[in-house]
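Notes for the one structure printed next.
Computed from the coordinates by the stated procedures, all read-outs in this text should not be read as laboratory data. These numbers come from a predicted model, not from an experiment. When we count neighbours, we look across all protein chains shown, and the Cβ atoms used for this are built from the backbone with ideal geometry, even at glycine.
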Amino acid sequence: MELQVGDQRIYAYTGNRPFREDQPVLVFLHGASMDHSVWLLQSRYFAHHGYSVLAVDLPGHGRSGGEALDSIPALADWTATFLETAGVTQAALVGHSMGSLVALETAARHPTRGRALALLGTAVPMPVGPPLLAAAERDDHAAVEMITLWGLGDRAPLGGNRVPGLWMMGGVERLLERAAPGVLYRDLKACNDYQHGLESAARVQCPVQLILGSEDRMTPVKTARQLQEQLTGARTVVLDDCGHMMMVERPDQTLDALIAAGL
Amino acid sequence: MASPKPPRFDTLALHAGQQPDPLYGSRATPIYQTTSFVFRDTDHAASIFNGERAGHVYSRITNPTLAVLEERIAALEGGVGAIATASGQAALHLAIGTLMGAGGHIVASRALYGGSHNLLAYTLPRFGIQTSFVDPRDPAAFAAAIRPETRLVYGEVLGNPGLDVLNIPVVAGVAHEAGLPLLVDATFTTPYLCRPLDHGADLVYHSATKFLSGHGVVIGGLLVDGGRFDWEASRRFPELTEPYEGFHDLDFVEEFGPAAFLMRARKEGLRDFGACMSPTTAFHILQGMETLSLRMQRHVENTRRIITFLDKHEAVESISYPELPEHPDHALALELLPRGCGAVFSFNIQGGRPAGRRFIESLQVFSHLANVGDAKSLVIHPASTTHHRMDAAALAAAGIGEGTIRLSVGLEDPEDLIDDLSRALKTSQRG
């Protein structure tokens, strides 16, 4: 569905079901330079199992208008405005990578909006390597290749997609290539610059589920520990043989972890 | 952060798409020779049917053995995914049937495999789909033939049988300028010699019967989606950009993004047309693809030796092979096909059809049959076989004469092949 948020037309995928305000709402927040389609299987599942789903394309991404915002706090405030515009008083926020930081910061800055958090492929801080940042700033295709390779687990570059016939490397690359010039850099810089995440985590009051990949090179499990320590009562699931792109690499295990989180 | 490196071509040819079988550790890809797959419970069944979980339902739509093959060709071509089909013809039909219905129009190279020409020229018009055939060497002719109802531009990397080299970057530019995808038949070249998606093509298909399987034992096709074509911006493909009543009002671009074409082809085309590949066939093709690089290198080496021999032979009028400087596409071939121009080529023999008949019937090592891309060397007379439905004008336009002989050079010792050709050429001139 499309919403007018401020002066921007914003798109949110609803899982192939009409959005209903009388059901618990799940908001899916994608990572850097991606869009709603990374949540396809998971968002469809919840939309057909008693939830209303909004897998939003953040400003300047996917089908949404506007320009990509340049900081995690700005994205968090925008998310709160988006929820208000959609008539959602409270939602479970499910975020991946950059989206996980947006979910965390939204829950900290707008505590009444977050019913629960699921943070996938996350770490605080989330530094971005200088070579990747520099390539993204140049809109060099090398940045896309780096994210594709670093984003997938050790065995994923040889395939084995659970969705028959799809080649993960090609799919991730094509999705990243679709972003407008400058979007990837702006997103990565927002992640890199987000320095007060641990303080924000300490302010989060709702239940939190962390879902991590055992082979994640971009947000390794050990770097998520600091975040886990700041989040009172947070639970953590580590998916085996899985890199940063868990929704693609281990779609069923990711979904099962989200179901078990009781969002 | 240490920089990981992507797997290279030969590694992908052996491994892409397959992880060792988690149940028994089988290193080879198991043949899942089953029609259907057991669900855990009713919710699991509904979730797979409804696209909420990944998994297999019925082998007409997906199968684990086929999925390995599909990922492998997608990896080698650089696409987002692929679909295995019952034959190369089925792959071509699946591409066309996914993109258009009655009223649709195709702009195609006129130098096509005879079976493809039949489909476009004679069969599809019965279903309301018309084709304009154009000179593959004339990009302006492609542009001029595009109409408002055109939905596809189509050609072969190497035209059949004259080996016209399709200027993929330029023709893709023409297609994209008009908001159309370019489909390329890459059967003769395989991804080892040319990856059309890297040059701007949007869809690629193969008769996997040929070099990919490589041993002449199975019939199969593979259709690869490059994932770069912007279906929404084109505004010509409501099949992909508007809700599809036949699958819960799914909007394929909205749901699947770069893989929209491929998912529509699977969820509609395989489901309804049903031209699927058998798991055992997929296994045979996978076996062949493991040695694709080695075989293609030897195919090309043997072909070059034979070309050198024929080029000097007095019974040979002309040879059509893009590596020869006199071939009209020589410069383009050097650019697009630096590893070689494949192992299928044609030549004209002195003495026309009677000499051609004597030549073919005198060969001992070359087999006279209607196929290419086998490990064994093959020969045929196109005017009386693969292209016999074309009239004289169409034959001439496609570069086929009465004395044209087509060879598919195999992996035998090249000296034995040259001896065989030498003997047969001598006999051919005794008329």
Discussion item. Could you tell me the relative contact order of region A:149-263? Use alpha-carbon pairs under 8 Å, at least six residues apart, and round to a whole percent.
Written reply: 34
Practice prompt. Treating only the Cβ atoms of Lys and Arg (+1) and Asp and Glu (-1) as charged, compute the dipole magnitude of the protein assembly as shown about its Cα centre; round to the nearest 20 debye.
Written response: 1080
Worksheet item: If you wrap a convex hull around the C-alpha atoms of region B:292-428 and split its volume per residue, what is the figure in Å³?
Response: 105
Worksheet, complete the sentence: Counted neighbours (other Cβ, 10 Å), sorted fewest up, put A:His196, A:His110 in the order A:His196, A:His110
Fill in: Gain on full stretching of the segment that runs from B:Ser384 to B:Ser367 - 0.36 nm per residue minus C-alpha separation
4.5 nm
Discussion item. Skipping prolines and chain starts, which residues have an amide H placed within reach, meaning under 5 Å, of the one on A:Arg115, given they are 5 or more residues away or on another chain?
Written reply: A:Ala91, A:Ala92, A:Leu93
Worksheet, complete the sentence: Subtracting the Cα-Cα distance of B:Ala396 and B:Gln130 from 0.36 nm times their residue separation yields 93.5 nm
Item to complete: Going by C-beta contacts inside 10 Å, put A:Glu249, A:Glu137 in order with the fewest on the left.
Response: A:Glu137, A:Glu249
Worksheet item: Of the GluC sites (Glu not before Pro) in region A:173-230, which ones lie in a loop per DSSP and count no more than 16 other C-beta atoms within 10 Å?
Response: none
Worksheet item: So what's the gap between the Cα centers of region A:11-58 and region B:109-138, to the nearest angstrom?
Response: 44
Worksheet item: Looking at A:Thr85, A:Pro73, A:Phe46, which one has the Cα that reaches farthest to the positive end of the dipole of chain A (charges on Cβ: Lys, Arg +1; Asp, Glu -1)?
Response: A:Phe46
Worksheet item: Between B:Glu52 and residues 5 or more places away or on another chain, which pairs have amide H atoms under 5 Å apart, with H built 1.01 Å from N, and which residues are they?
Response: none
Worksheet entry | Antiparallel DSSP beta bridges within region A:1-77, percent to nearest 5 | 55
Discussion item. Can you tell me which of B:Val204, B:Val379, B:Val157 moves the most in a GNM of chain B? Springs connect C-alpha atoms under 10 Å apart.
Written reply: B:Val379
Worksheet item: In region B:274-375, what GluC sites (Glu not before Pro) fall in a loop by DSSP, with at most 13 other Cβ atoms inside 10 Å?
Response: B:Glu314, B:Glu326
Discussion item. In Å and on Cα atoms, what radius of gyration and Dmax does the protein assembly as shown show?
Written reply: 27.5, 97
Worksheet item: Over the Cα atoms of chain B, Rg to Rh with Kirkwood Rh, two decimal places?
Response: 0.98
Item to complete: Counting only C-alpha contacts under 8 Å and six or more residues apart, can you give the relative contact order of region A:2-260 as a whole percent?
Response: 20
Worksheet item: Taking A:Lys189 as the anchor, which lysines have their alpha carbon closer than 19 Å to its alpha carbon, excluding any fewer than eight residues away along the same chain?
Response: none
Item to complete: Find the relative contact order for region B:194-276 and round it to a whole percent, using C-alpha pairs within less than 8 Å whose residues are 6+ positions apart.
Response: 19
Discussion item. Which one, B:Gly288, B:Gly101, B:Gly226, has the greatest fluctuation when you compute a Gaussian network model over chain B with C-alpha springs under 10 angstrom?
Written reply: B:Gly101
Worksheet item: How large is the charge dipole for region A:2-260, taken about the Cα centre, if only the Cβ atoms of Lys, Arg (+1) and Asp, Glu (-1) carry charge, to the nearest 20 debye?
Response: 500
Worksheet item: What ³J(HN,Hα) values, in whole Hz, does the Karplus curve 6.51 cos²θ - 1.76 cosθ + 1.60 give for region B:230-237 when θ = phi - 60°, with x put for Gly and Pro?
Response: 8, 5, 5, 5, 5, 6, 10, 10
Item to complete: Would you mind ranking A:Trp150, B:Trp231, A:Trp39 by Cβ crowding within 10 Å, fewest neighbours first?
Response: A:Trp150, B:Trp231, A:Trp39
Response to the item:
Amide H proximity to B:Asp185 below 5 Å, modelled H, separation 5+ or other chain, gives B:Gly155, B:Glu156, B:Val157, B:Tyr205
Discussion item. Treating only the Cβ of Lys, Arg, Asp and Glu as charged (+1, +1, -1, -1), what charge dipole size does region B:292-428 show about its Cα centre? Round to the nearest 20 debye.
Written reply: 280
Response to the item:
antiparallel share of DSSP beta bridges within the protein assembly as shown, to nearest 5, in %, is 45
Discussion item. At 7 Å along Cα-to-Cβ for each site, give me the label-to-label distance between A:Gln8 and A:Arg235 in nm.
Written reply: 3.3
Worksheet item: What lysines could a cross-link reach from B:Lys210, if we take a straight Cα to Cα line under 16 Å and drop same-chain neighbours fewer than 8 places away?
Response: B:Lys376
Worksheet item: Given the C-alpha centroids of region B:217-277 and region A:106-140, what is the distance between them in whole angstrom?
Response: 33
Response to the item:
Taking a label point 7 Å from the Cα of B:Val217 along Cα-to-Cβ, the residues of region B:81-110 whose backbone nitrogen sits under 20 Å from it are B:85-88
Practice prompt. Work out, step by step, the length gained on full extension between B:Glu335 and B:Ser422: first 0.36 nm times the residue separation, then minus their alpha carbon distance; give nm to one decimal.
Written response: 28.1 nm
Fill in: Share, in percent, of DSSP beta bridges within chain B that are antiparallel, nearest 5
60
Worksheet item: Under the Karplus relation 6.51 cos²θ - 1.76 cosθ + 1.60, θ = phi - 60°, what is the ordered set of whole-Hz ³J(HN,Hα) values for region B:203-209, x standing for Gly and Pro?
Response: 9, 10, 9, 10, 7, 6, 4
Worksheet item: Which of the listed residues, A:Gln4, A:Trp150, A:Pro207, is farthest toward the dipole's positive end in region A:2-260, when Lys, Arg count +1 and Asp, Glu count -1 at the beta-carbon?
Response: A:Pro207
Response to the item:
In region A:1-104, the GluC sites (Glu not before Pro) that sit in a DSSP loop and have at most 11 other Cβ atoms within 10 Å of their own Cβ are A:Glu21
